Structures are given as C-alpha cells and as structure tokens.
Amino acid sequence: MSYARNLLSRGEEIVFETRQHWLAVLAQVWLFAVLAILALAVLIWQSTSARWQGTGLLQIVALVVLLGALARIGLVMWGWQNQEYLVTTRRIIKAEGVLNKAMTDSSLEKINDAHLTQSWLGRIFRYGHLDIMTAADEPGAVEDFPMMADAIAFKIAMMNQKELLERPDLARPPAQRPSALPPMQRAEALPPRAGSDQVQAVRVPPPDMDASLEPEATGTPEGDTSPAATSAGSGGSAELAATLERLAGLRDRGLITPDEYEAKKRDILERM
C-alpha cells in the first residue's frame, strides 16, 4: 500500500489521484540520457579500435559516466513512481520521496483559491502548473504542483469535494438495498363497450331449450306433469328473465345502446 494511503483518517476516501506528467521526468533526465549514450558509444569505440586498445583510462571514465547516468535516471524514475497527489473527501495530499518521505496536506475547508497555468504544450499533453492558496498563515500555505498530469481534472475534483463539505445537502444519499417487487396481479378483463361485437356474445337460450314450447328438446315426454318437468320449464323461464336483467344492467351502465337492448328484449320475449 502507498505511503499516503496509510495516513488516511477513519472514513476518509480518495476521490482523485495523480502525479507529475512523464514530461517532467524527461525534463530531469534528458541530460543524463545523453551522457549515457555518449559513454556507451565511447566504450564501443574503445573496444573496437586497435589504436586505443592498450589504454584503459578512457574506458574507466566512460564506464563510470554510464553507470552514474543510469543510476540517476533510475532514481528519478523511482521517485516519480512514488509521487502521490491526492484529493480525498476531507483534504488534498502531496507525498513525495523514496526513502525520505515528504508529505504536506491541506484541509479542503481552508482552500481559498486555485490558480492553474497551462502552456500550449500542456494543453496538448494534458498537464499544467497548479497553485493552491489556503487560509493558513504558516509557511507553505501555497501548495505548488508543477507539471501535474490531469491538472484540470484534479482541480475540478477538489472544488467539487469542497462544495460538498460546505453544502452537505448536495451529497448523494447512501446506497439503499432495493425493495422487493410487488407481486404480479392478473389483469381483469374489461367489460364490452357499447356497440361492439362482444355484446352479441351474451348468452340467450335457443328456442329448443324452452320446455313449455317444445317438450321434446328437453327430453321430457309430452303431457308429463311430474315435479321434474315442472321445474325444468320454470328453470328455462327463470334463465330468460335473468338474461333480461343482465341486458338491462349493461344498458344502465352504458355498455350497450338502448336500441341493442330493445332488439335483444324482443328476441327473448318472442322465444318465451
């Protein structure tokens, strides 16, 4: 784990993290890279030239320069990897160093202003120089972040987090467990509309179901006056009367037109 992450307080979280741009590393090591290339060229030339084959002083000097340049490049790269520019939920943190660590932090509540400078090259490669001014009176109140990678995103994250501290009502509510979905209910069929074809589907007993008119259709012998035959005849009339009541109810609710009701009524009365 990084050095700055070990120093976070309870409940503090990292919002944004960056470091110096890789061009800052190149600006520090380009001279040593040139020296390393020249030293390597001298060593190659020394080993292949017959004239200088006997002298070893130049080889020793070239080897020392090569090793020193590579060591310097390695230290700069190692220090760059250990840089931490952080925006947390409470402060900004700047941590640098490999063996000897240097860490400075400023509370977001004390930040007054931030000055961002970007050259045309910085706009192309997305880096900038950020100066953060705080309300502290001690030395080092102005934090300097030279050649910071993603300087614009760092500044936006810092100002957004500062606003959230000053106005907690803007913070998002904590995540809640989604509630269980309500049980699915079966949709009920809608009643038929007035004038639709579904009105014609109202059951009307056919003439052959009337025991009083056609006794043969009901399976009762003609002239049978038993209680079963009497109940069968009265049952057919009761069913027709119930059909008339259902049609009247549909008419009263506006599901069928009066003309349709009268037509059905005449049809049923004729069958009775």
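The values are calculated or read from the model by the stated rules, or taken from the named source; none is laboratory data. Predicted model only: the values in this text are computed from it and were never measured. So basically every Cβ, Gly included, is an ideal-geometry build from the backbone, and we count neighbours across all protein chains shown. Only protein heavy atoms, including side chains, enter the accessible area calculation; ligands, DNA and RNA are left aside. Shrake-Rupley method; radii C 1.70, N 1.55, O 1.52, S 1.80 Å.
See the values below:
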item: Failed item, numbered, when residue 70 is tested on (1) more than 30 Å from the chain's Cα centre (by Cα); (2) crowded, with 19+ Cβ neighbours inside 10 Å; result: (2)
item: Residues of the stretch 84-123 satisfying the condition of being within 32 Å of the chain's Cα centre (by Cα), among the acidic types (Asp, Glu) and over 16 Å from residue 15 (Cβ atoms); result: 113
item: Which numbered condition residue 99 fails, given (1) open to solvent by 40 Å² or more (accessible area, probe 1.4 Å); (2) in a helix (DSSP H, G or I); (3) of a type in the set (A, V, I, L, M); result: (2)
item: Top-ranked residue in the stretch 1-42 [being open to solvent by less than 50 Å² (accessible area, probe 1.4 Å) and in a helix (DSSP H, G or I); ranked as farthest from residue 92 (Cα to Cα)]; result: 42
item: Residues satisfying the stated conditions in the stretch 249-267, i.e. surrounded by fewer than 16 Cβ atoms within 10 Å (Cβ to Cβ) and either β-branched (Val, Ile, Thr) or in contact (Cβ under 8 Å) with a residue 40 or more places away in the chain (or both); result: 253, 254, 257, 267
item: Residue, nearest to residue 3 (Cα to Cα), within the stretch 104-117, restricted to residues that are open to solvent by 60 Å² or more (accessible area, probe 1.4 Å) and not hydroxyl-bearing (Ser, Thr, Tyr); result: 105
item: Only listed residue being more than 20 Å from residue 152 (Cα to Cα), at pLDDT 90 or above and open to solvent by 80 Å² or more (accessible area, probe 1.4 Å), chosen from 45, 120, 78, 52; result: 78
item: Tabulated pairs, the stretch 73-88, first part of a loop (DSSP other than H, G, I, E, B), second modelled with pLDDT under 90, C-beta under 6 angstrom, 6+ apart or interchain; result: 82/98; 83/96
item: Inter-residue pairs, beta-carbon under 7 Å, first free of Cβ contacts under 8 Å to residues at least 24 places away in the same chain and assigned to a strand (DSSP E or B) and in the stretch 142-167, second open to solvent by 60 Å² or more (accessible area, probe 1.4 Å) and of a type in the set (A, V, I, L, M), 6+ apart; result: 142/133
